[in-house]
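Any read-out appearing in this document is the output of simple, stated calculations on the displayed coordinates, not a laboratory observation. A quick note: this is a predicted structure, and the numbers were derived from the prediction, not measured. For neighbour counting, all protein chains shown are included, and Cβ atoms are generated from backbone atoms with ideal geometry for every residue, glycine included.
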Amino acid sequence: MSAIIEAKDLRMWFGKPEQKDSKGKPKGVKAVDGIDLSIRKGEIFGLLGPNGAGKTTTLSMLVTIKRPTGGWARVAGFDVAKDPDEVRRHVGIVFQEPSLDTLLSARENLLLHGRLYGVPPRELPGRAKEMLELVGLADRADDLVKKYSGGMKRRLEIARGLFHRPEVIFLDEPTLGLDPATREHIWDYIRKLRDTMGTTVVLTTHYMEEADSLCDRIAIIDKGKIATLGTPRELKAELGGDLVTLQGARKARKAVEALPFVKKVEEKGDALILTVENAGHNLPKILAAAGQVESVEVRTPRLEDVFLHHTGRGLREEGGEDWFDQYANMASRGQG
């Protein structure tokens, strides 16, 4: 399957990180430091990373909001730096922050968007009806958006992002702040738009179960680089086995590490977290080596474990993406 998004050595610098101050520290920050990507047409692709990892900056370059300072990227066959207008015609974007006109109805929001994107006037009514049906809002089409719930507004934003029939839609935290039931409905709509329209979906999310459930492939970004990339199954298989947590077994670390089927041992407080081949079969030998323990937990790896393995941080730990954006805003005003 052909690639609809390609990037090679994509970089974004804020300030001048190649220059040093009097203390030898860089004068700027490398927000994105040499990313290579190839995203296939019709794929649901996830970008995960801690705050400050560079994922939002990467998206900003792909949708032409920020111009790369190094490398290149193409979306739908167009270079993001050389042909930004063409890129914008072929993509849809749903931002984290609401951007609907709440004093208009859902239908009016869609029709306005269609006019701005040059959709032929004769196609506007039919396309509005199609999009509202896709996201389950046909019966509320003429209600003012200010009367909508948060989940309904999110669905309408997705419909609006799709209205001009882009080949790629970028969803930045599409279910942030929504309740679990509404989030699952949004997941269904995202799958439906890929399956019925063949749209390529690129999303960022802070919900691991969302990435695991939705994405065909996932890239984990850390410190401006791709730490790992693959299907959710492949990424979880990277850890090399099942996870066994032995609470109160810290003193038994050497004995447990000596077992041939134990591939990795980590400490967390007074607990040992083991990566084990065939934990179900080998658990009695592990317990015999560990001696007395307070409790035992055995489970298969989760995407959260993969994330922690590659970044050493939780997905929501504080750290800098907001700082990057503030720096970029200052620079654009001549203050940086």
Karplus 3J(HN,Hα) series, Hz, for region 298-307 with 6.51 cos²θ - 1.76 cosθ + 1.60 (x for Gly, Pro)
10, 7, 7, x, 10, 4, 4, 5, 4, 4
So how much slack lies between residue 213 and residue 266, counting 0.36 nm per residue of separation and subtracting their Cα-Cα distance, in nm?
16.3 nm
Loop GluC sites (Glu not before Pro), region 1-75 (other Cβ atoms within 10 Å of the site Cβ: 11 or fewer; DSSP):
18
If the label point sits 7 Å along Cα→Cβ of residue 103, residues of region 114-157 with amide N under 15 Å come out as 144-147
Evaluate the charge dipole of region 14-102 about its Cα centre and quote only its size in Debye, nearest 20, assuming +1 on the Cβ of each Lys and Arg and -1 on the Cβ of each Asp and Glu.
400 debye
Let's test the formula: R0 of 22 Å, r as the Cβ-Cβ distance of residue 79 and residue 2. What FRET efficiency results, to the nearest 0.05?
0.85
Contour minus Cα-Cα span, residue 72 to residue 19, at 0.36 nm per residue, comes to 16.8 nm
How long is the gain from residue 295 to residue 231 if the chain were fully straight, where each residue apart is worth 0.36 nm and the alpha carbon distance is subtracted?
19.8 nm
Roughly how big is region 240-300's charge dipole about its Cα centre, with Cβ charges of +1 (Lys, Arg) and -1 (Asp, Glu), in debye to the nearest 20?
160 debye
For region 122-136, what does the Karplus curve 6.51 cos²θ - 1.76 cosθ + 1.60, with θ = phi - 60°, yield as ³J(HN,Hα) per residue in whole Hz, taken in order and with x for Gly and Pro?
5, 8, 4, x, x, 5, 4, 4, 4, 5, 5, 5, 4, 9, x
Per DSSP H run of at least 4 residues, take -39500 (n - 2.57); add these up for the chain, divide by its residues and hand me the 222 nm value, nearest 500 deg cm²/dmol.
-10000 deg cm²/dmol
Can you tell me the relative contact order of region 3-235? Whole percent, Cα pairs under 8 Å, sequence separation 6 or more.
27 percent
Over the chain, what lengths in whole Å, largest first, do the semi-axes of the equivalent ellipsoid take, defined as the square roots of 5 times the eigenvalues of the alpha-carbon gyration tensor?
41, 27, 18
Those residues of region 130-147 whose amide nitrogen sits under 14 Å from the label point placed on residue 181, 7 Å along Cα→Cβ:
none
Would you report the distance distribution of C-alpha pairs in region 240-300 as whole percents per 10 angstrom bin, up to the bin with the largest distance?
26, 66, 8
Take the alpha carbon atoms of region 238-276, find their center, do the same for region 128-186, and report the distance between the two centers in whole angstrom.
45 Å
Antiparallel bridges, percent of DSSP beta bridges restricted to the chain (to nearest 5):
70 percent
Using a 10 Å Cβ count of at most 16 others and DSSP loop calls, identify the longest part of the chain lacking such chymotrypsin sites (Phe, Trp or Tyr not before Pro).
118-260
Pop the C-beta distance of residue 133 and residue 40 into the FRET formula with R0 = 30 Å and round what comes out to the nearest 0.05.
0.65
